[in-house]
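In what follows, a single structure is set out as structure tokens and then discussed.
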Amino acid sequence: MTLLTIAAGTLNPAKLRPVEQVFEQLWPGSRVQGVQAASGVPEQPIGVQETMRGAVQRARAARAAVAGASYGVGLEGGVRFDMGTSAEGGGCWLFGVVAVTDGTRLEVGRSAELRLPPVVASRLHDGEELGPIMDELSGQQNIKQKAGTVGLLTGGLLSRADVWQMALTLTLAPFLHAELYQGQQTFSSDTELT
Ligand SMILES: O=P(O)(O)OP(=O)(O)OP(=O)(O)OC[C@H]1O[C@@H](n2cnc3c(O)ncnc32)[C@H](O)[C@@H]1O
């Protein structure tokens, strides 16, 4: 049996662990190699399109960086504002985008979302990054590499890793059932996302 190598475009344990868990369950013995992969988008992506671009870029860069990798996986955290800013009464949502490529097929999926508190939303709107804001509010360090904002705001019932695990699993469906998705994918591998 050929063992798969998966390149994941991150060194963050809260992302690497779920990637390892998902691939280990689907393809026992597969090896996940984390690599630093540039997202090409700002540290704090805003909006679905920008976050998607970051995930896709990371997936492609990771696969290119790891010799023999069958899959490249990119995970990018983002926030989005709806109905304007929090000051105007709209919500601010935290979500993640997962991109997976095997060099031909490129699949992109989104996680479930968490509504962020207004105090966090307005600081994000002013240009701050979520990680440092949540570290400050929680009195913890580097929360984005641990249970994450999701862990903090759900009483630990769900962690950032849990959310990635589900989003990645869903994104992989077309790879698991390629025969059913033939001729259709969310993006062709050379599609430039706008
Ligand atoms: O090491 P990498 O893979 O870059 O992981 P990251 O957590 O730093 O980066 P992301 O691209 O996933 O997320 C973008 C930013 O959003 C913030 N962020 C996202 N999810 C978060 C969470 O659950 N808790 C705290 N900060 C979060 C954090 O500031 C990130 O730098």
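With label points built 7 Å along Cα→Cβ from the Cα atoms of Q141 and Q25, find their separation and express it in nm.
That separation, rounded to one decimal, is 3.3 nm.
Tell me, what % of the accessible area of region 5-188 is carbon and sulfur with a 1.4 angstrom probe?
52
So with the 1.4 Å probe, I'd like the accessible area per residue for region 5-188, rounded to whole Å². List each step's numbers first, then the result.
Details: 8640 Å² over 184 residues.
Normalised by residue count, the accessible surface of region 5-188 is 47 Å².
Please compute the contact order of region 1-129 in relative form: average sequence separation of alpha-carbon pairs under 8 Å and at least six residues apart, divided by the residue count, as a percent.
Worked out over region 1-129, it gives 22 percent.
Loop by DSSP (not H, G, I, E, B), at most 11 other beta-carbon atoms within 10 Å: where is the longest site-free stretch of the chain for GluC sites (Glu not before Pro)?
Working: sites that count: E43, E179, E192.
In short, 44-178.
Place a +1 charge on the Cβ of each Lys and Arg in the chain and a -1 charge on the Cβ of each Asp and Glu, then give the dipole magnitude about the Cα centre in debye, rounded to the nearest 20.
Dipole magnitude for the chain comes out near 400 debye.
Which of the helices in the chain, when you take each full DSSP H run, stretch at least 15 Å along the axis at their Cα atoms and have an average Kyte-Doolittle score of 0.0 or higher?
On the way: long enough: 13-26 (19 Å, -0.36); 48-65 (25 Å, -0.47); 160-171 (17 Å, 0.29).
Helix filter hits for the chain: 160-171.
The values are calculated or read from the model by the stated rules, or taken from the named source; none is laboratory data. In this text, all values refer to a predicted model and were calculated from it rather than measured experimentally. Backbone-built Cβ (ideal geometry, glycine too); neighbour counts: all protein chains shown. Just the protein is used for accessible areas: all its heavy atoms, side chains included, with ligands, DNA and RNA removed. Shrake-Rupley method; radii C 1.70, N 1.55, O 1.52, S 1.80 Å.
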